[in-house]
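Reviewing the structure listed below.
The values are calculated or read from the model by the stated rules, or taken from the named source; none is laboratory data. The model shown is predicted, which means the values in this text are computed figures rather than measured ones. When we count neighbours, we look across all protein chains shown, and the Cβ atoms used for this are built from the backbone with ideal geometry, even at glycine. Remember, those area values only see protein heavy atoms, side chains included, never the ligands or the DNA or RNA. Shrake-Rupley method; radii C 1.70, N 1.55, O 1.52, S 1.80 Å.
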Amino acid sequence: MITLIPRQSASTGWQVATPVMAVLATMIAGGLLFAMLGHDPVAAIRTIFWDPLFGPAAGYSRPQLLIKAAPLILIASGLAIGFRAGIWNIGAEGQYIIGGITGAAVALALYPLEAWWLFPLMVAAGLAGGWAWGMIPAILRNWFGASEILVSLMLVYVAQRIAAWMAFGPMRNPQGMGFPGSRNLQQYPSAANPELIAGTGAHWGVVAAAAAVLATWFLMSRHIRGFHIRAAGTAPRAARFAGVRPQMLVAFCLGLSGALAGAAGLFEVAGPAGQITDKLGVGYGFTAIIVAFLGRLHPVGILLAGLLLALTYIGGELAQLTMSLPAATVQVFQGMLLFFLLGFDVLTRYQIRRRRTA
């Protein structure tokens, strides 16, 4: 008979091994799924994980890797801080949308002004918008004991409706012949977020993601607030005796993760997306949750996991074009990856033992 015995402390070896095992299991299960759908499983896996980097279309796909990874890494860096403290922000997608709206609103309100300070002001507005949206569940939890999980998740749908209202109403392009959507910010030089190095896909969002990884590492390993966050996540009662104020920590974690998600939304609207539309939310906020856990809530792990999940986005699009795979391929892969990660994660906390029956 198989039984699980709790470990005295989480196994470091299994913490490193289980993400790799989850990725391999996802590839195997995905291959079986593709075979059931009548596709060559080896070709499908190669198209998703190999061709974007080394295939015929790699010249286009490689820059897309940074474009897709930047918002995932930026959002996941903020989420990981809260998750380490046991504060669960599930609504980063809504904060991403609101940050994009508030940042774009600055540019559209000042159009056609050309000034060097316009884009930094947009970034500040995106940070503020995401922070404000993240503070709603923080205030409701601190004042009324509401679950930040439910509140932040419900606010995603509110943000989506606000984006649709903006695209069809206040932000609609007056020169757009009645079609929904704002002006294209890529055509507004002072508000655009272009490539910094041609052909690389690196824009200011990539720079912000790299800075977020470094700042998260410093906060969690070198700052007293990082100690408070770790203490609150592992031993809440002991953390109170160490001087941690739970309500302040909730506000800090939800506000910070909301601000980073809002900045990611602004960089996307001013760059790859280009405008406010009713389809502004593309799921980066939800995928970033997988990135955070796949990266073990560690900055370096988040960096690698963000690149991997970005690869599934690009590879999934290639598979749709070249192999006529279903459009839900990416979502299926990401769902299986989270499923296997949570399953294998049991090994970090428990030992498997065979117990003889009498």
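Summary table
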| quantity | calculated |
| --- | --- |
| Under the Debye formula (equal points on every Cα, no solvent term), log10 I(q)/I(0) of region 295-335 at q = 0.24, 0.26 Å⁻¹ | -0.74, -0.80 |
| Length added when fully stretched, LEU342-ALA115, from 0.36 nm per residue minus Cα-Cα | 76.9 nm |
| Cα-only Debye scattering, region 1-120: base-10 log of I(q)/I(0) at q = 0.16, 0.18 Å⁻¹ | -1.14, -1.19 |
| Bins of 10 Å from zero: percent of alpha-carbon pairs in the chain | 6, 22, 30, 25, 12, 3, 1, 0, 0 |
| Computed over region 226-293, the ratio Rg/Rh where both radii use C-alpha atoms and Rh is Kirkwood | 1.16 |
| Label-point gap, in nm, between GLN15 and PHE54 - each point 7 angstrom along Cα→Cβ | 3.2 |
| Leading residue at positive end of dipole, the chain (Cβ point charges), from PRO52, LEU338, GLY178 | LEU338 |
| Sorted largest first, extent of region 130-281 alpha carbons per principal axis (Å) | 62, 39, 18 |
| Cα-based convex hull volume of region 77-218 per residue, rounded to whole Å³ | 136 |
| Most mobile of MET122, MET177, MET135 in a GNM of the chain (Cα contacts under 10 Å) | MET177 |
| The chain, accessible surface, carbon-and-sulfur percent (1.4 angstrom probe) | 68 |
| Max mean-square fluctuation residue, GNM over the chain, Cα-Cα springs under 10 Å, options PRO299, PRO120, PRO52 | PRO120 |
| Where Rh is the Kirkwood radius over Cα pairs, Rg/Rh for region 193-256 | 1.21 |
| Cα centre as origin, Lys/Arg/Asp/Glu Cβ charges: the chain dipole, Debye | 1580 |
| Taking all pairs of distinct alpha-carbon atoms in region 286-358, Kirkwood radius in angstrom | 14.0 |
| Relative packing of peptides 141-150, 267-276 - highest average C-beta neighbours within 10 Å first | 267-276, 141-150 |
| Cα-centred dipole magnitude for region 76-205, charges only on beta-carbon of K, R (+1) and D, E (-1), debye, nearest 20 | 220 |
| Residue-normalised accessible area of the chain, expressed per residue, 1.4 Å probe, Å² | 49 |
| Nonlocal amide H pairs with TYR350, under 5 Å, H built at 1.01 Å | ARG7 |
| Difference of contour (0.36 nm per residue) and Cα-Cα distance, TRP165 to ARG245 | 24.9 nm |
| Efficiency of FRET from Cβ geometry, GLN175 and THR234, R₀ 45 Å, rounded to 0.05 | 0.20 |
| Integer Hz, Karplus 6.51/-1.76/1.60 couplings in order for region 144-153, x for Gly and Pro | 10, x, 5, 6, 5, 5, 5, 5, 5, 5 |
| For region 9-64, alpha-carbon Rg over 2.2 N^0.38 Å | 1.48 |
| For region 172-311, size of Cβ-based charge dipole, Lys and Arg +1, Asp and Glu -1, in debye | 640 |
| Most mobile listed residue (ALA192, ALA231, ALA35) in the chain, GNM with C-alpha springs under 10 Å | ALA35 |
